[in-house]
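Only one structure is covered here, and it is reproduced in the block below.
The values are calculated or read from the model by the stated rules, or taken from the named source; none is laboratory data. Keep in mind that what you see is a predicted model, and the values were worked out from it rather than measured. Neighbour counts run over all protein chains shown; Cβ positions are idealised from the backbone, glycine included. Heavy atoms of the whole protein, side chains included, go into the accessibility calculation; ligands, DNA and RNA do not. Shrake-Rupley method; radii C 1.70, N 1.55, O 1.52, S 1.80 Å.
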Amino acid sequence: MDVKVYALSTCPHCRAARAWLDEEGVAYDVLEVDLLDGDTTDPSTPKGEAVAEVRRISGGASFPVFVIGDEVIVGLNKVRVKELLGL
């Protein structure tokens, strides 16, 4: 199952989430939103587009955000991630 993580490079919770996924051997794609070009309030820039997407799928702007299949998980919910991935 595809796993995508929206994260911030400076966020300790995001770093912990990525470390945990690595320890579990989970393959995932990560988008470090703060490292993208542009302004967070301008949806025509990569950074603005990513922030708008995070808000659309999660209802807010908290990180990390996991997208696993059709499910969106805000924050590191190890139990739910394991359930979805069959770990």
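Against the conditions (1) β-branched (Val, Ile, Thr); (2) open to solvent by less than 40 Å² (accessible area, probe 1.4 Å); (3) modelled with pLDDT under 90, Thr41 satisfies every one except (2).
Checking the conditions here, which among Leu31, Leu84, Leu76, Leu21 is under 13 Å from the mean Cα position of the chain (by Cα), part of a helix (DSSP H, G or I) and not polar (S, T, N, Q)? Result of the check over Leu31, Leu84, Leu76, Leu21: Leu21. Contact map, segment 1-28: residues that are more than 21 Å from Val51 (Cβ to Cβ) paired with residues that are in a loop (DSSP other than H, G, I, E, B) and of a type outside the set (Ser, Thr, Tyr), Cβ distance under 8 Å, separation 6+ or inter-chain. Pairs shown: Met1/Gly69; Asp2/Gly69; Ala16/Leu76; Trp20/Leu76; Glu24/Leu87; Val26/Leu87.
If you go through segment 34-58 and keep only what is outside any helix (DSSP H, G or I) and either acidic (Asp, Glu) or in contact (Cβ under 8 Å) with a residue 12 or more places away in the chain (or both), you end up with Leu36, Asp37, Asp39, Asp42. Selection of segment 17-31 for residues being open to solvent by 50 Å² or more (accessible area, probe 1.4 Å) and not small (Gly, Ala, Ser) yields Arg18, Asp22, Glu23, Glu24, Asp29, Val30.
Being among the charged types (D, E, K, R) and surrounded by 15 or more Cβ atoms within 10 Å (Cβ to Cβ) is the filter here, so list the residues in segment 50-87 that pass it. Once the filter is applied, which keeps residues that are among the charged types (D, E, K, R) and surrounded by 15 or more Cβ atoms within 10 Å (Cβ to Cβ), segment 50-87 yields only Glu53. For segment 1-28, the tally of residues that are in contact with a strand residue (DSSP E or B) (Cβ under 8 Å, 6 or more places away or on another chain) and within 15 Å of Ile73 (Cα to Cα) stands at 12. Among the conditions (1) assigned to a strand (DSSP E or B); (2) of a type outside the set (A, V, I, L, M, F, W, C); (3) surrounded by fewer than 17 Cβ atoms within 10 Å (Cβ to Cβ), the only one that Tyr6 does not satisfy is (3).
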